[in-house]
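Undergrad: My structure is below; once you've seen it, I'll send some questions.
Computed from the coordinates by the stated procedures, all read-outs in this text should not be read as laboratory data. Computed from a predicted structure; not experimentally measured. Reconstructed Cβ throughout: ideal geometry from the backbone, glycine too, with neighbour counts over all protein chains shown.
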Amino acid sequence: MTKKELIHLLKTDVKKFNKLRPEGNIDLTYADLSFANLTEANLTKAYLYKADLSGANLYKANLYEADLYGADLFKADLSEANLVRAGLDYANLYKANLTKAHLDIANLLEADLTRATLFEADLYGADLSGTKLFEADLVRANLVRVSLNYANLYKANLTGANLFRADLSEAKLLKADLTRADLTQADLTKANLSEANLTEANLSEACLYKDSNYKPGLAGAHLERYMD
């Protein structure tokens with residue numbers, strides 16, 4: 001089946017595509033799948049390099065180990081999708097819906113997740129270094145052992161998020177809501193927590209700074225009843 005035939009089948013009949021798609025990697029690089037209904041599509045190990053998936057419905061789609069480097073997922077619905085070990089480096093996920101998505105050990109280096117919804121998403125061990133998470137919804141998300149160094153979480157909502165052993169070194173958490181977040185053993189070296197809300201957050205054994213000449217950016221932070 002040619003690449004053109006694969007793309008056409010995927011856009012017109014997902015169930016048939018799932019039955020007929022070749023085993024292993026499939027080439028869908030630069031494919032225009034904008035606004036396509038790809039609910040429960042089997043895109044395991046698909047090459048979707050710089051594909052246009054803006055506005056696409058990928059609810060419960062299987063994107064295990066898919067390559068989505070630089071893909072456009074603007075306002076895409078990825079709720080409950082399997083993105084375990086997927087490559088989303090430099091992807092555009094502005095306002096994407098990733099509610100309860102599985103992103104374990106995924107790579108999201110410098111991806112744009114501005115205003116994205118990651119409510120109860122599982123991001124265990126994912127690499128979000130340098131990502132934009134402005135005003136993102138990360139309520140009750142699993143962020144255990146994630147790398148968020150240099151990430152920008154301005155006004156992000158991390159209420160009840162699990163950030164156990166997360167790397168937040170030099171992250172920008174200005175005005176972020178970390179109410180009841182678990183930051184046990186998290187690395188917050190040189191993180192900017194100015195005006196952040198840390199009410200009832202657990203900061204047990206967290207590292208706020210290692211450099212004796214550096215003081216953490218906690219100006220105006222709400223620290224009521226936080227656990228140290």
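Undergrad: Looking at the square roots a ≥ b ≥ c of the eigenvalues of the Cα gyration tensor of the chain, which shape do they give, rounded for a/c under 1.5, prolate if a/b is larger than b/c, or oblate?
TA: Taking the square roots of the gyration eigenvalues as a ≥ b ≥ c, the chain is prolate.
Undergrad: By per-residue mean of other Cβ atoms within 10 Å, what is the highest-first order of 138-149, 22-33?
TA: Details: 138-149: 23.5, 22-33: 15.6.
Listed from highest to lowest mean packing, they are 138-149, 22-33.
Undergrad: Another one. Points 7 angstrom from Cα along the Cβ direction at residue 204 and residue 105: gap in nanometres?
TA: In this crude spin-label approximation the distance works out to 2.8 nm.
Undergrad: Rounded, prolate or oblate: which one fits the range 60-157, using the alpha carbon gyration tensor with axes a ≥ b ≥ c (rounded when a/c is under 1.5, else prolate when a/b beats b/c, else oblate)?
TA: Verdict is rounded for the range 60-157.
Undergrad: With a ≥ b ≥ c taken as the square roots of the eigenvalues of the C-alpha gyration tensor of the range 28-86, please select rounded if a/c is under 1.5 and otherwise prolate if a/b is larger than b/c or oblate if it is not?
TA: Cα axes put the range 28-86 in the oblate bin.
Undergrad: Let me ask you something else. For the range 120-147 and the range 48-78, write down the distance between their C-alpha centroids in whole Å.
TA: 17
Undergrad: Moving to a separate point now. Using the Kirkwood radius over Cα pairs, work out the Stokes-Einstein diffusion coefficient for the range 1-105 at 37 °C and 0.692 mPa s, in µm²/s as a whole number.
TA: Once the numbers are plugged in, D ends up at 252 µm²/s.
Undergrad: Can you tell me the relative contact order of the range 4-94? Whole percent, Cα pairs under 8 Å, sequence separation 6 or more.
TA: So the answer I get is 22 percent.
Undergrad: Moving to a separate point now. Listed highest first by mean packing, meaning other Cβ atoms within 10 Å per residue, what order do 118-125, 35-42 come in?
TA: 118-125, 35-42
Undergrad: Between residue 4 and residue 185, what length comes free when the chain is fully extended (0.36 nm per residue of separation minus the Cα-Cα distance, one decimal in nm)?
TA: 60.2 nm
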